[in-house]
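*Asks:* Got a structure for you, written out below as structure tokens; questions coming shortly.
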Amino acid sequence: MSVAEPIGADTAAVDQKMAELSVSSPADHASTDAKPEDDHEDADGEKKKKKKKKKSGNKHKKKGPGAAGQTTPPTIPVSKLFLNKYPEGHIHEYIDDNSYRTTSEEMRAKERLCEQQVNDLRRAAEVHREVRSYARSQIKPGMDLADIAEMIENGTRTLVEEKGFEAGIGFPTGLSINHCAAHYTPNTGDHVIIQNDDVLKVDFGVHVNGHIIDSAFTMTWNDRYDPLLQAVREATNTGIREAGIDVRLGDIGAAIQEVMESYEITLDGKTLPIKCVRNLCGHNIGPYTIHSGKSVPIVANGDQTKMEEGELFAIETFGTTGTGLVHEEGACSHYAKSGDDTVQPRITSAKKLLGSINKNFGTLPFCRRYLDRLGESHYYMGLKHLVDNGIVTAYPPLCDSPGSYTAQFEHTFILRPTCKEVLSRGDGLLKKH
């Protein structure tokens, strides 16, 4: 069994590495880590550099080395690499009736009111990029999912400088294989080994001050699954492209479905249609709340609800060779506190556990491994009581039919007053790994 090298902070090594790095602008490195490679972005970067050369009065100001200064495995918090000025994501200008927003002074004034939120999101996005880049380079057949989860989560804790509700993990690392589409993470003692023919979905989140970045990708080690991954990549890209202020959610779903279901795949001599997983969807995200009320379908459903200015969304699509419907299957690992605080537990163990959940997670999702890590023990009865009484919601693994294969890709974007910013773009997430 091959075990990934754990990501952890080594203070002496970090200090030595930082001392060796040349001081430069975050903009010097942002184009390769936070933006797609195209002539327009490169041109913008050159203009910014020329302007900075004229500002001779800023020579004494220190600026971080950017993502190029990160170690392997990553151990340096992104705040030290960027000094709290983080790369912007992929920018989409508004079109048609919203094109005026790009140059509107009123919209620019609104932008200034949300600068802190956007910077927090960019910080979380940079952590996600650097952790997932390392994880993608390490994950391979023969590895234990438990080791992968620890690698990703320890890396996130280190790079975001985990500190209670100020910064940390957004939700448990999803590591769902083959017909399991979502919501599987190992419980303590679980040992699942990746095989050469597996289709692995990796879904994890990072938050800063409750502002969550949610992004996912799929990995395979057999080219026969390429059509499935291509279908889901293109469907996700379509959803991102179609999204915008005043766009109807049902229209986005229709566009996603049209692209996804135009693909097919041949497995073991049998040609199969690639279907959308009809009962999974994208969602908007609120402070400390991963699903905040609006759902972005991945099929045409006629939903007339519109996206609005200032909203944060995760567009995620799931393709399958199976039935196109998922159901709950297997032992639960994911949980989250419900929004209703009026119901109180009646048994002592549940009261104690709820106190720990409120203190450490609030409304952020958690898993059993996180409770174990906190030193909680003999909590199963209390956890069941909380779930049975609607105080905590359980999210079991979601699976299609046995023998089928599912894939997922996901990005987070914000509908800023002047543009749509795809925050989690970078390092070729929607390209073949």
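The values are calculated or read from the model by the stated rules, or taken from the named source; none is laboratory data. The structure displayed is predicted, hence computed values, not measured ones. Here the Cβ is made from the backbone with ideal geometry for all residues, glycine too, and neighbour counts use every protein chain on show. Ligands, DNA and RNA are stripped out before the accessible areas are found, and what is left, the full protein with its side chains, is counted by its heavy atoms. Shrake-Rupley method; radii C 1.70, N 1.55, O 1.52, S 1.80 Å.
*Asks:* Report, by residue number, each residue of the range 147-176 that is hydrophobic (A, V, I, L, M, F, W, C) and either surrounded by 20 or more Cβ atoms within 10 Å (Cβ to Cβ) or not assigned by the TED database to the domain that holds L83 (or both). Spell out the reasoning first.
*Replies:* Initial filter on the range 147-176 (hydrophobic (A, V, I, L, M, F, W, C)): 148-149, 151-152, 159-160, 165, 167, 169, 171, 175.
Result: I148, A149, M151, I152, L159, V160, A167, I169, F171, L175.
*Asks:* Also, I was wondering about something else. Here is a check on your reading of the model: is R346 at negative phi, open to solvent by 60 Å² or more (accessible area, probe 1.4 Å) and charged (D, E, K, R)?
*Replies:* Working: at negative phi: yes; open to solvent by 60 Å² or more (accessible area, probe 1.4 Å): yes; charged (D, E, K, R): yes.
So R346 fits the description; yes.
*Asks:* Something else: Filter the range 291-341 down to residues that are among the hydrophobic types (A, V, I, L, M, F, W, C), assigned to a loop (DSSP other than H, G, I, E, B) and crowded, with 19+ Cβ neighbours inside 10 Å, then give me how many there are. Walk me through it before giving the result.
*Replies:* Quick first cut of the range 291-341, residues among the hydrophobic types (A, V, I, L, M, F, W, C) only: 296, 298-300, 307, 312-315, 318, 325-326, 331-332, 336.
Those still in the list that are assigned to a loop (DSSP other than H, G, I, E, B) too: 298-300, 307, 325-326, 331-332.
Going one step further and asking which of them are crowded, with 19+ Cβ neighbours inside 10 Å, we end up with 298-299, 307, 326.
Of the residues in the range 291-341, 4 are among the hydrophobic types (A, V, I, L, M, F, W, C), assigned to a loop (DSSP other than H, G, I, E, B) and crowded, with 19+ Cβ neighbours inside 10 Å.
*Asks:* Something else about it: Identify all residues within the range 112-134 that are open to solvent by less than 40 Å² (accessible area, probe 1.4 Å) and farther than 22 Å from I285 by Cβ; write none if there are none.
*Replies:* Within the range 112-134, just Y134 meets the criteria.
*Asks:* Among the residues of the range 222-251, which ones are over 18 Å from the mean Cα position of the chain (by Cα) and not in a helix (DSSP H, G or I)?
*Replies:* N222, G244, I245, D246, V247, R248
*Asks:* Name, by its number, the condition in (1) within 30 Å of E115 (Cα to Cα); (2) free of Cβ contacts under 8 Å to residues at least 40 places away in the same chain; (3) surrounded by 14 or more Cβ atoms within 10 Å (Cβ to Cβ) that does not hold for L353.
*Replies:* (1)
*Asks:* So N360 ticks every box in (1) of a type in the set (S, T, N, Q); (2) surrounded by fewer than 16 Cβ atoms within 10 Å (Cβ to Cβ); (3) over 29 Å from R224 (Cβ atoms) but one. Which box is left unticked?
*Replies:* Here N360 clears every test but (2).
*Asks:* Another question about this same structure. Give the number of residues within the range 94-103 that are part of a loop (DSSP other than H, G, I, E, B) and surrounded by 15 or more Cβ atoms within 10 Å (Cβ to Cβ).
*Replies:* Filtering the range 94-103 down to residues part of a loop (DSSP other than H, G, I, E, B) leaves 94-95, 103.
Subset that is surrounded by 15 or more Cβ atoms within 10 Å (Cβ to Cβ): 94.
Selection size over the range 94-103: 1.
*Asks:* Next question. Specify the residue that is modelled with the lowest pLDDT; the eligible residues are those in the range 73-93 that are in a loop (DSSP other than H, G, I, E, B) and farther than 20 Å from G155 by Cα.
*Replies:* Step one: list which residues in the range 73-93 are in a loop (DSSP other than H, G, I, E, B), which gives 73-77, 83-89.
Pick out the ones that are also farther than 20 Å from G155 by Cα and you get 85, 88-89.
Numbers: K85: 91, E88: 94, G89: 96.
Step by step, filter the range 73-93, then rank; the result is K85.
*Asks:* So, I213, is that one in the same structural domain as N279 (by the TED database), open to solvent by less than 10 Å² (accessible area, probe 1.4 Å) and within 13 Å of the chain's Cα centre (by Cα) or not? Reasoning before the result, please.
*Replies:* Values: in the same structural domain as N279 (by the TED database): yes; open to solvent by less than 10 Å² (accessible area, probe 1.4 Å): yes; within 13 Å of the chain's Cα centre (by Cα): yes.
Here the answer is yes, as I213 does meet what is asked.
*Asks:* Considering only the range 395-426, state which residues are more than 15 Å from the chain's Cα centre (by Cα), open to solvent by less than 10 Å² (accessible area, probe 1.4 Å) and among the β-branched types (V, I, T).
*Replies:* T406
*Asks:* Among the residues of the range 142-199, write down those that are in a loop (DSSP other than H, G, I, E, B) and of a type in the set (V, I, T). Don't jump to the end; show me each part of the working.
*Replies:* Looking only at the range 142-199, we keep the residues that are in a loop (DSSP other than H, G, I, E, B), and these are 142-143, 161-162, 164-166, 178-179, 183-192, 194-198.
Listed by number, the residues that qualify are T185, T188, V192, I194.
*Asks:* What do you reckon, is V277 touching a residue at least 40 places away in the same chain (Cβ under 8 Å), open to solvent by less than 50 Å² (accessible area, probe 1.4 Å) and under 30 Å from N187 (Cβ atoms)?
*Replies:* Numbers: touching a residue at least 40 places away in the same chain (Cβ under 8 Å): yes; open to solvent by less than 50 Å² (accessible area, probe 1.4 Å): yes; under 30 Å from N187 (Cβ atoms): yes.
The answer is yes for V277.
*Asks:* Oh, and also: With (1) modelled with pLDDT under 95; (2) in the same structural domain as F413 (by the TED database); (3) polar (S, T, N, Q) as the list, and Q304 as the residue in question, which single condition is left unmet?
*Replies:* With (1) modelled with pLDDT under 95; (2) in the same structural domain as F413 (by the TED database); (3) polar (S, T, N, Q) applied to Q304, the lone miss is (1).
*Asks:* For the range 180-193, which residues satisfy the criterion of being surrounded by 21 or more Cβ atoms within 10 Å (Cβ to Cβ) and in contact with a Ser or Thr (Cβ under 6 Å, 6 or more places away or on another chain)?
*Replies:* Step one: list which residues in the range 180-193 are surrounded by 21 or more Cβ atoms within 10 Å (Cβ to Cβ), which gives 180-186.
Result: A181, A182, Y184, T185.
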